[in-house]
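To keep things clear, I will list the structure first and then write my remarks on it.
The values are calculated or read from the model by the stated rules, or taken from the named source; none is laboratory data. This structure is a prediction, so every number in the text was calculated from the model and none was measured. Cβ coordinates were reconstructed from backbone atoms using ideal geometry, including for glycine residues, and neighbour counts include every protein chain displayed. Ligands, DNA and RNA are excluded from the accessible area calculation, which covers all protein heavy atoms including side chains. Shrake-Rupley method; radii C 1.70, N 1.55, O 1.52, S 1.80 Å.
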Amino acid sequence: MGKLLSKKFFKNFFGIPYLRMGAGEPLVFIHGLGEIKEGWSNQFEFAQQYDLIIPDLRGHGEYITDEKISIKNFALDIINLLKGLGIESAHICGLSMGGMVAQEIYRQAPEMCRSLTLVSTFHYAPKQFGQLFLKLRKLRSESFSLEEQKNIAARVCLYSWTEENFENFYKFYHPNRDYYLLSAKACLEVNNVCLLPKIKVPTLIIGGQYDSVTPPWIQFLMHKQIRHSEFVIFRNTGHIAKLEAKEAFNEVLRNFLNKHKKAC
């Protein structure tokens, strides 16, 4: 098991940093805004059943680039990565901004999506809300040190403010000043109102009961728009159920994925 779950770092010819481990059907994990690929460490156990592929998005972690930051390009990078690895289709799981990227992957290449798992994410932000959100984020960026910003983010994203949760959050939350606001702006340009009813693949939508970033009523609206989708709310969690409710999160995700494995 130790050998199976050992991390492997590759860099393909597209220059996209990613982790790959395990064997089985391909499963892609996509991190959220300001996070890095290693933030999925609580889910590395899925390598016992799946071929895990976990990339850094542009402007995050080790992926530093001068190319345009957009949800469209985030998705295109992952599509190209999968094609470069010779993978025709995969289960796609995205958290928050990563959930928007997962939706965009479906828009660009629905045939590459075996299933979608959309975690604490949204499909549309009203323009006025987006402008206010960006103003607040810009003010925070200019007024606080990086460490202070990380502390604020932890208190906003987490429901349970335990020392362990804070430590785990800080370990994998590394916003890059040069890309953070550009990435936040890209999120607020998303409009998938017309896309959701067209999603045909098995879809699991996950929310956190006390998520103050993307409240669960947003995921409920998404669930109502995606026919035959499944919807789960984790109690006593905030924006990052994969951290605060690791065991329950992994069990729900595993059960969903196992239901939708290809028949041998």
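Within the stretch 169-179, is even one residue part of a loop (DSSP other than H, G, I, E, B) and within 22 Å of LEU27 (Cβ to Cβ)?
Scanning the stretch 169-179 turns up no residue that is part of a loop (DSSP other than H, G, I, E, B) and within 22 Å of LEU27 (Cβ to Cβ).
For (1) assigned to a loop (DSSP other than H, G, I, E, B); (2) touching a residue at least 40 places away in the same chain (Cβ under 8 Å); (3) farther than 21 Å from ALA184 by Cα; (4) in contact with a Leu (Cβ under 8 Å, 6 or more places away or on another chain), each residue gets a yes or a no:
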site: SER212; (1), (2), (3), (4): yes, yes, no, no
site: MET222; (1), (2), (3), (4): no, yes, no, yes
site: HIS228; (1), (2), (3), (4): yes, no, yes, no
site: ILE233; (1), (2), (3), (4): no, no, yes, no
site: ASN236; (1), (2), (3), (4): yes, yes, yes, no
site: GLU247; (1), (2), (3), (4): no, no, yes, no
site: ASN250; (1), (2), (3), (4): no, yes, yes, no
site: LEU253; (1), (2), (3), (4): no, yes, yes, yes
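Looking at GLU247, GLU230, which is the one that is loosely packed, with under 15 Cβ neighbours inside 10 Å, out of contact with any Lys or Arg (no Cβ under 6 Å at 6 or more places or on another chain) and among the acidic types (Asp, Glu)?
GLU247
For ASN151, are the conditions met, namely being polar (S, T, N, Q), touching a helix residue (DSSP H, G or I) at 6+ places or on another chain (Cβ under 9 Å) and open to solvent by less than 60 Å² (accessible area, probe 1.4 Å)?
Spelling it out, ASN151 is indeed polar (S, T, N, Q), touching a helix residue (DSSP H, G or I) at 6+ places or on another chain (Cβ under 9 Å) and open to solvent by less than 60 Å² (accessible area, probe 1.4 Å).
If you take the residues in the stretch 187-203 that are out of contact with any Leu (no Cβ under 7 Å at 6 or more places or on another chain) and not in a loop (DSSP other than H, G, I, E, B), which one is most open to solvent (accessible area, probe 1.4 Å)?
Of everything passing the filter in the stretch 187-203, LYS198 is most open to solvent (accessible area, probe 1.4 Å).
Of all the residues that make up the stretch 136-162, how many are farther than 26 Å from PRO216 by Cβ and in a helix (DSSP H, G or I)?
The number of residues fulfilling the criteria is 8.
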